[in-house]
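Down below is the structure, laid out as structure tokens.
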């Protein structure tokens, strides 16, 4: 074998930068979900008096979620909504769940780890995002995979990977919360 572990599928191999080799949109999103879950677990394991560590972890969580929601909102959801009208309600629910997460992220970005609400707000964010990811993976992704097929998912995934390069990393950056703001003023 050429440097690959035996039994590792293309969907699970990683490039040197740690991104999945596959451009399948669902594989890309599941990989991001795993990165987000890893950051969540690290926050939960940090302990009560680990303010500096928790601050760094929340900064990482904010970055991961800002990028993730951006590429879903800008690429995945609109494309799926156009191609699979049957999942319109799922897409609309996902936009609303992103909106809730965006609001929590904006508030967390303004707090210091010493703030009495920092841990509680982070916990609420984790619970909401965990629910959203589980729902996507168990209910939505199977519908999308069945309805779109490999070729279209690879095209969407390639577009998402490209969009990630210019994605905002913080909620304060332009474009980061466009969909959340749009939802608030509509």
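The values are calculated or read from the model by the stated rules, or taken from the named source; none is laboratory data. A quick note: this is a predicted structure, and the numbers were derived from the prediction, not measured. When we count neighbours, we look across all protein chains shown, and the Cβ atoms used for this are built from the backbone with ideal geometry, even at glycine.
Going residue by residue through the stretch 83-92, is there one that turns out to be assigned to a helix (DSSP H, G or I), closer than 20 Å to residue 169 by Cα and modelled with pLDDT of 95 or more? No. Looking only at residues in the stretch 142-160 that are within 19 Å of the chain's Cα centre (by Cα) and crowded, with 17+ Cβ neighbours inside 10 Å, the one that is nearest to residue 85 (Cα to Cα) is 144. The residues in the stretch 124-171 that are touching a residue at least 60 places away in the same chain (Cβ under 8 Å) and either farther than 23 Å from residue 88 by Cα or touching a strand residue (DSSP E or B) at 6+ places or on another chain (Cβ under 6 Å) (or both) can be counted, and the count is 9.
What do you reckon, is residue 47 assigned to a helix (DSSP H, G or I) and either in contact (Cβ under 8 Å) with a residue 40 or more places away in the chain or at positive phi (or both)? Spelling it out, it is not the case that residue 47 is assigned to a helix (DSSP H, G or I) and either in contact (Cβ under 8 Å) with a residue 40 or more places away in the chain or at positive phi (or both). Of the residues screened, residue 121 is one that is without any contact (Cβ under 8 Å) to a residue 40 or more places away in the chain and in contact with a helix residue (DSSP H, G or I) (Cβ under 8 Å, 6 or more places away or on another chain).
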